[in-house]
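**Q** I'd like to ask some things about the structure below.
What follows is calculated from the coordinates using simple rules that are stated; it is not laboratory data. If you're wondering where the values come from, they're calculated on a predicted model, not measured in any experiment.
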Amino acid sequence: MSTDTHTAGANGHHHDDGHAHGSFSTYMLGFVLSVVLTAIPFWLVMSGALPSKQVTALVIMAFAVVQIVVHMIYFLHMNTTSENGWSMMALIFTIVMVVIALSGSLWVMSHLNSNMMPMHEMTGMK
């Protein structure tokens, strides 16, 4: 290896290969944001602060998407400049897949709930 691409720091672990590396403060900021983005939906469900279950579910999904973005930025170090923009494409792809999975799951659960056999018809089947 040439000394141009990798330089060792005081502890021998620092290298300059063009990838973003987080500092302690960025990891702590990501951790604090993750805790807050987990605690708020937990509080919303436990306190019943929102008027309906549908609104609560939508707010929780929004917090989940934001938390995924926080993880990708602060822990996976994805940004628009690294790897010629492919990291941003991965972020957009992940967001699209999460939206599809969450909306599809809610749609399936809603239809299962409305299409379940009523309890009074099940008692007559015995």
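**Q** So if each residue of separation counts as 0.36 nm, and I subtract the Cα-Cα distance between V66 and L106, what length gain in nm does that give?
**A** Here the answer is 12.6 nm.
**Q** Follow-up question, since we're still on this one. If all Cα-Cα distances of the range 24-115 are sorted into 10 Å bins from 0 onward, what percent lands in each bin, rounded to whole numbers?
**A** Pairs per bin, as whole percents: 15, 35, 33, 14, 3, 0.
**Q** Report the full-extension gain for the segment M28 to M46: residue separation times 0.36 nm, less the Cα-Cα distance, to one decimal in nm.
**A** My answer for the length gained is 3.8 nm.
**Q** Which length gain, in nm to one decimal place, applies between Q54 and I92 when the Cα-Cα distance is subtracted from 0.36 nm times their residue separation?
**A** 11.1 nm
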